[in-house]
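The values are calculated or read from the model by the stated rules, or taken from the named source; none is laboratory data. None of these values were measured; they are calculated from a predicted model. Because the Cβ atoms are built from the backbone with ideal geometry, glycine has one as well, and the counts that use them run over all protein chains shown. We work out accessible area using only protein heavy atoms, side chains counted, and drop any ligands, DNA or RNA first. Shrake-Rupley method; radii C 1.70, N 1.55, O 1.52, S 1.80 Å.
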Amino acid sequence: MAEEFTRSRKYRVLTLLATAELLAMTLWFSVSAVGPELAAAWSLSATETAWLTNAVQLGFVVGALLSALFTVSDVIKPRYLFSGSAVAGAAATVVIATSVSSFLPAVVLRFLTGVALAGVYPPGMKIMAGWFRAGRGFAIGVLVGALTVGSAMPHLLRAVGGVGQPTPVLLGAAGLATLGAVLVLFVEPGPYQAMAAPFDPGAIRRIVGDRATTLANIGYFGHMWELYAVWAWIPVYLSSSFTASGGETEAFAALVTFGTIAIGGIGAVVAGISADRLGRTTVTSASMVTSGGACLTAGFVFGAPTVLVVPFVLLWGFAIVADSAQFSAAVSELADDSYVGSALTFQTAIGFLLTLGSIQLTPVVADLIGWRWAFAPLAIGPVVGTAAMLTLRGRPEVKLLAEGRG
């Protein structure tokens, strides 16, 4: 009876935690979702518009490194760190909505939002790990799914009345994040809650020298090269595609953008369950082959009828983030216990730094050859990532993954 009670309780905690995560992560693309409106109002170039997203990416890297270096989640209880960080990010977004009218202060505030979000997602993962030993692949998938749907939410806010009106979208995202900050306070620490391993820069050489861990990292880097660039620019691709076909409204394009990103939440959960049963190298490779193929196929689908474009981007959105959590799970299984915390921090930092390049590159390619083929250069990431995971599949260390399933 006690075991059944604990099982029921941990899934209730996971549901509450995932809901809080979803609401807080609404901040990530809040400004990016209204990028067209802000670009017009502030006379921004494509490069400057890209930095409204890149500033968050960079802030997240800095925040994650500082948090790991000073083991902030051991000094501050994870749920309080999560809550305070969500409120800080919401406050920065409110300032942008009500008091900012130019590029530079917006970028600074977006950077600070990224730093704050580094106090949301990693502590959420730590809380989850305190409740789950068995079934952790599923639990990680649920949290990544929540992050994915949360990232899509600003596009839904824009679709239901925010086209041409950035302020309600930004204030709505800030309000949802604040609600998430309140909800997480009701999440109790689990029975397996452990101290975080501090980030050790000296361990980087050991991480790079570990062949199997490096291959898992390369898989993640290839995945990240594609993921955030597609998330950042798919609304522009869809808007341009619908305009070319003489079809849908801007609000409809925003709604499809929401669906494209949000459906990845289902993909993450499905991949989490599948990876525990079929192996991490199998699931990550299949996911990257699908999403990388979509980068190349997007040019042929561009301007096609809505009945073709919508299913295509939904399939792309399902696959593109499905494998995300499995790279972290793989590194946690492959790296030596003495530096697994540093290995995960290193993986996250390099992965998000790579997104700065791909997010910046995509509109440059679009200026040169149009949005039809703008995503094609992103395919190199999944190609490299798939090659790395298939190489890992042939190594003896693969037995350490997913309880021997690879």
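When the range 130-163 is examined, which residues are found to be among the small types (Gly, Ala, Ser), over 14 Å from the mean Cα position of the chain (by Cα), open to solvent by less than 30 Å² (accessible area, probe 1.4 Å) and over 19 Å from Pro36 (Cα atoms)? Correct list: Gly130, Gly137, Ala139. Whether a residue is assigned to a helix (DSSP H, G or I), within 29 Å of Ala304 (Cα to Cα) and modelled with pLDDT of 90 or more was assessed, and Val384 does not pass this test.
Candidates in the range 241-290 are the residues that are assigned to a loop (DSSP other than H, G, I, E, B) and in contact with a Gly (Cβ under 6 Å, 6 or more places away or on another chain); of these, the one that is surrounded by the most Cβ atoms within 10 Å (Cβ to Cβ) is Gly279. Per this entry, Thr6 is not counted among residues that are within 22 Å of the chain's Cα centre (by Cα), open to solvent by 10 Å² or more (accessible area, probe 1.4 Å) and modelled with pLDDT under 95. Evaluate the following for Ser99: is it out of contact with any Phe, Trp or Tyr (no Cβ under 9 Å at 6 or more places or on another chain) and either open to solvent by less than 50 Å² (accessible area, probe 1.4 Å) or not aromatic (Phe, Trp, Tyr) (or both)? When the stated conditions are applied, Ser99 passes them.
Exactly one residue out of Leu308, Leu238, Leu227 is out of contact with any His (no Cβ under 7 Å at 6 or more places or on another chain), under 22 Å from Thr345 (Cα atoms) and in a helix (DSSP H, G or I): that is Leu227. Residue pairs whose Cβ atoms lie under 7 Å apart, sitting 6 or more positions apart in sequence or on different chains, and linking a residue in the range 328-355 that is outside any helix (DSSP H, G or I) to a partner that is open to solvent by 20 Å² or more (accessible area, probe 1.4 Å) and at pLDDT 80 or above, are Ala335/Asp210. Filtering Ala92, Ala55 for residues that are modelled with pLDDT of 90 or more and either in contact with a Gly (Cβ under 6 Å, 6 or more places away or on another chain) or within 20 Å of Leu23 (Cβ to Cβ) (or both) leaves a single hit, Ala92.
Only one of the listed residues (Ala268, Ala294, Ala322, Ala262) is at pLDDT 95 or above and under 15 Å from the mean Cα position of the chain (by Cα). That residue is Ala262. Residues of the range 339-371 that are of a type in the set (Ser, Thr, Tyr) and either surrounded by fewer than 18 Cβ atoms within 10 Å (Cβ to Cβ) or touching a Phe, Trp or Tyr at 6+ places or on another chain (Cβ under 6 Å) (or both): Ser342, Thr345, Thr355, Ser358, Thr362. I'm trying to understand the selection: among the residues of the range 372-397, which are buried (at least 22 other Cβ atoms within 10 Å of the Cβ) and more than 18 Å from Gln347 (Cα to Cα)? Correct list: Ala374, Phe375, Leu378.
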